[in-house]
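Input: a single structure, listed below in structure tokens.
A short reminder: the numbers here are calculations on the coordinates, not readings from a lab. Note that the coordinates shown come from a computational prediction; the quantities given were computed from them, not determined experimentally. When we count neighbours, we look across all protein chains shown, and the Cβ atoms used for this are built from the backbone with ideal geometry, even at glycine.
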Amino acid sequence: MGVTAYKWRSHMKYSTVYVGMDVHKETFSVCCYTNEKEEAEYCQTMDAQYSKVLNYIESMRFHYGEEAMFICGYEAGCLGYTLYHQLTDHGIKCVILAPTTMSKPTNEKKMKTDRRDARLIARCLAHHDYKSEYIPTEHDEQVKEFIRMRDDHNLALKKIKQQILSFCLRHNYRYEGGKQHWTQKHLDWLRALEPEEIYKEILNEYLLTYQTLVDKIERLDRRIEYLASDEAYNDKVNKLVCFLGIKTHTALSVIVETGDFKRFKDARSYSAYLGLVPGENSSGPKKNGLSITKAGNRHIRRLLVEAAQCYSRGQVGYKSKALKARQKGNAADVIAYADRSNERLRRKYYNMTLRNNKKTNVAKTAIARELSCFIWGMMTANYI
């Protein structure tokens, strides 16, 4: 850089410098962007350490001045909120950008590099062309991670079940004690099988893994029940379990994954956050409806779709003993709101599948979308 350019920079005043960061497990690619120049510059790739980012920002003060305010940003991803907390703890303002809300060039897939991504993030920061991720409290984050860990074990349990059933099918062991698998009767039948030689050893190892996972998940569920009894969650959990298909695990997960429900202006905004609203492909007067966007929190979306299955059985208005027990102790207006919701959603499911011949998956997704709206109403006291 020439002397003239250096003098020009030394006299230029910058109010805000936006630092775009494309972060990965091993490296960070960073660059600076200012509205005064409207271009990204000083791109660097460094080791994935927050101290390197702090050193980079300090070195940039030579170019932008001591009075310039630096705002860092990176896409939500593998690093979670760790880098955010590390930078903010050192007085650096940081934003986590929701990837699906960023305006991206059409040729992104053809020309994609880490430094190009860093420039894109910096430009989106400067132009406010994004939506930021909600930053949960430290306690909410810990509970969320615990529940996700439990769900990972549950996925492992589903996989081992499939492996055991496939093993039996391959070796022509057919269960004739009924259609239901994984009952005590079915487990006794599995344990009584006598395959030849090494096959017996294989089956025993499968069953040992199965039982270990079952015991562990039961222990984790007891822990989740205890966490839900915390003063910060107890009242909210008690309200949400008034809905069909929602028990403590789902209720607590929805609460800690969402955080502040009031940050959504209405129920539809919350459904959109979960990726449960249908997309649209319109051109002129022609409008084409698409499937749901899936552009949001997939963990809550999966839980609500699973909860929606409970609306596919039972009579409209029927309340099981288990549901009545979960509702007990809540205010009358809370129970009444949940009952109206349950009746409406059950009736809607039957109308969609029996009267309008909609596929069950389509109906369940529609139920999950509307259930999310009722959840928002319950958590923001819009049922009063």
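Key figures
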{"item": "Cα lying deepest toward the dipole's positive end in the stretch 234-379, options 338, 365, 249, charges on Cβ", "result": "365"}
{"item": "Relative contact order %, the stretch 234-379, counting alpha carbon pairs below 8 Å whose residues are six or more apart", "result": "33 percent"}
{"item": "Distance in nm between pseudo-label sites at residue 26 and residue 344 (7 Å out along the Cβ direction from Cα)", "result": "5.3 nm"}
{"item": "Net dipole in debye of the stretch 31-79 [+1 Lys, Arg Cβ; -1 Asp, Glu Cβ; about Cα centre; nearest 20]", "result": "180 debye"}
{"item": "Residue pairs, from the table 236/265; 216/239; 179/359; 104/239; 104/265, whose Cα atoms sit over 31 Å apart", "result": "104/239"}
{"item": "Highest-MSF residue in the chain out of 330, 234, 357 [GNM, Cα springs under 10 Å]", "result": "357"}
{"item": "Positive dipole terminus of the stretch 172-271, leading residue within 259, 227, 202 (C-beta point charges)", "result": "259"}
{"item": "Helix 332-350 axis, angle to the chain major axis (alpha carbon atoms, nearest 10°)", "result": "80 degrees"}
{"item": "DSSP bridge orientation in the chain - percent antiparallel, rounded to nearest 5", "result": "65 percent"}
{"item": "Among 338-347, 180-189, 245-254, the order from most to least packed when residues are scored by Cβ within 10 Å on average", "result": "245-254, 338-347, 180-189"}
{"item": "Gain upon complete extension [residue 82, residue 35; 0.36 nm per residue less C-alpha separation]", "result": "14.1 nm"}
{"item": "Between helix 114-127 and the chain: long-axis angle, C-alpha atoms, 0 to 90°, nearest 10", "result": "80 degrees"}
{"item": "Assigned charges on the beta-carbon of Lys, Arg, Asp, Glu; the chain dipole about Cα centre (debye)", "result": "2100 debye"}
{"item": "Packing rank of 140-152, 63-75, where each peptide gets the mean count of other beta carbons within 10 Å, highest leading", "result": "63-75, 140-152"}
{"item": "Dipole of the chain, positive end: most advanced residue of 80, 297, 35 [Cβ charges, Cα centre]", "result": "297"}
{"item": "Highest-fluctuation residue, 55, 172, 238 considered, GNM on the chain with Cα pairs under 10 Å", "result": "172"}
